[in-house]
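What follows is a set of notes on a single structure, which appears directly below.
The values are calculated or read from the model by the stated rules, or taken from the named source; none is laboratory data. As the structure is a prediction and not an experimental result, all values here were calculated from the model. Because the Cβ atoms are built from the backbone with ideal geometry, glycine has one as well, and the counts that use them run over all protein chains shown. With ligands, DNA and RNA removed, areas are computed over all heavy atoms of the protein, side chains included. Shrake-Rupley method; radii C 1.70, N 1.55, O 1.52, S 1.80 Å.
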Amino acid sequence: MPKIVDHARRRDEIAHVACQVVASHGFEQATVARIARAAGYTTGMVAHYYDSKQDIILAALRLILRRIEERLTRERDSGEANLLSVLSEALAVDSQRFTECAFWMAFWGQVSADRKLKRLNMWVHREYMRLFARCFAEHWPEWQGRPPAVRDQVLRSVVTFIHGLTAGAVTSPRDWPAPKQIEQLRLQLQLLRRWAAPQRAGARDRQTTATGRSRPP
């Protein structure tokens, strides 16, 4: 009998190896031939599944997003179901997540010069915002009671903070061990929770009135 090949699994395997190659060698050096060698396949075999390097990169992006979504949304025991533990899944706290974050950095380095990659990056950003909004809705009890503008600002702040934190962890891993990353995220969430509290909004209004500046519409 002919050997049954799981083509979906093989596509994911090639995409996974592409993540590792990009993370280790950079975007430009991650050629189809190098990815094929690292996966243990010929370039012809890889070409059977992907038409171009950009197709492989897109598959790698989708694979990483799928893995992040699985980690962020997996069922947890009640004791560990809190916003900090959930969002910590997006940090470079182990070898797999370090590789994913290193891949993102290499990808972002190419975005400004490539229109197609810019569009991909916009899609990635929307997916990140969607995932993080779901996390806040599920694990921050007061979330739905905050005004939409406040929720949007909190989301943007958290996504920006995590991007910066993971970039630091990738470029200076000795300075950013996992416990330190998680502690910094805890402090950031604490600050945002205080900022988003209704009494803080009232204090900002009073300060605006005291300084004579008009409130935005």
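Has the range 107-118 got any residue that is crowded, with 16+ Cβ neighbours inside 10 Å, within 11 Å of the chain's Cα centre (by Cα) and either in a helix (DSSP H, G or I) or of a type in the set (Val, Ile, Thr) (or both)? No, there is no match, as no residue in the range 107-118 is crowded, with 16+ Cβ neighbours inside 10 Å, within 11 Å of the chain's Cα centre (by Cα) and either in a helix (DSSP H, G or I) or of a type in the set (Val, Ile, Thr) (or both).
Okay, residues lined up against (1) of a type in the set (Lys, Arg); (2) more than 20 Å from ARG134 (Cα to Cα); (3) surrounded by 15 or more Cβ atoms within 10 Å (Cβ to Cβ):
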| position | (1), (2), (3) |
| --- | --- |
| VAL170 | no, yes, yes |
| ARG174 | yes, yes, no |
| GLN190 | no, no, no |
| PRO198 | no, yes, no |
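Residues that are in a helix (DSSP H, G or I), under 17 Å from HIS16 (Cβ atoms) and open to solvent by 40 Å² or more (accessible area, probe 1.4 Å) within the range 34-44 comprise ARG34, ARG37, ALA38, listed in sequence order. Residues considered: ALA59, ALA102. Of these, the only one that is without any contact (Cβ under 8 Å) to a residue 60 or more places away in the chain and either open to solvent by less than 50 Å² (accessible area, probe 1.4 Å) or not hydrophobic (A, V, I, L, M, F, W, C) (or both) is ALA59. Output the residue which, of all residues in the range 175-208 that are basic (Lys, Arg) and modelled with pLDDT of 95 or more, is farthest from VAL86 (Cα to Cα). Among those residues, the one meeting the criterion is LYS180.
The test for being assigned to a helix (DSSP H, G or I), open to solvent by 50 Å² or more (accessible area, probe 1.4 Å), touching a residue at least 12 places away in the same chain (Cβ under 8 Å) and not β-branched (Val, Ile, Thr) does not hold for ARG71. Checked against (1) at pLDDT below 90; (2) touching a Lys or Arg at 6+ places or on another chain (Cβ under 8 Å); (3) under 26 Å from GLY168 (Cα atoms); (4) open to solvent by 50 Å² or more (accessible area, probe 1.4 Å), GLU28 meets all criteria but (2). Contact map, the range 124-149: residues that are over 19 Å from CYS101 (Cβ atoms) paired with residues that are open to solvent by 60 Å² or more (accessible area, probe 1.4 Å) and of a type outside the set (Asp, Glu), Cβ distance under 7 Å, separation 6+ or inter-chain. Pairs shown: ALA137/GLN144; HIS139/ASN82. Please determine whether any residue of the range 75-84 is within 15 Å of ILE182 (Cβ to Cβ), out of contact with any helix residue (DSSP H, G or I) (no Cβ under 7 Å at 6 or more places or on another chain) and modelled with pLDDT of 90 or more. No, the conditions are met nowhere in the range 75-84.
For the range 143-176, residues that are over 23 Å from TRP108 (Cα atoms) and part of a loop (DSSP other than H, G, I, E, B) total 2.
Scan the range 124-143 for residues that are within 15 Å of the chain's Cα centre (by Cα) and open to solvent by 80 Å² or more (accessible area, probe 1.4 Å) and the total you get is 3. Taken over the range 45-56, residues that are open to solvent by less than 50 Å² (accessible area, probe 1.4 Å) and over 27 Å from THR171 (Cβ atoms) amount to 4.
Of all residues in the range 149-167, those being closer than 18 Å to GLU89 by Cβ, out of contact with any Leu (no Cβ under 9 Å at 6 or more places or on another chain) and open to solvent by less than 70 Å² (accessible area, probe 1.4 Å) number 5.
Only one of the numbered conditions (1) open to solvent by 60 Å² or more (accessible area, probe 1.4 Å); (2) basic (Lys, Arg); (3) modelled with pLDDT under 95 is not met by ARG146, and that is (1).
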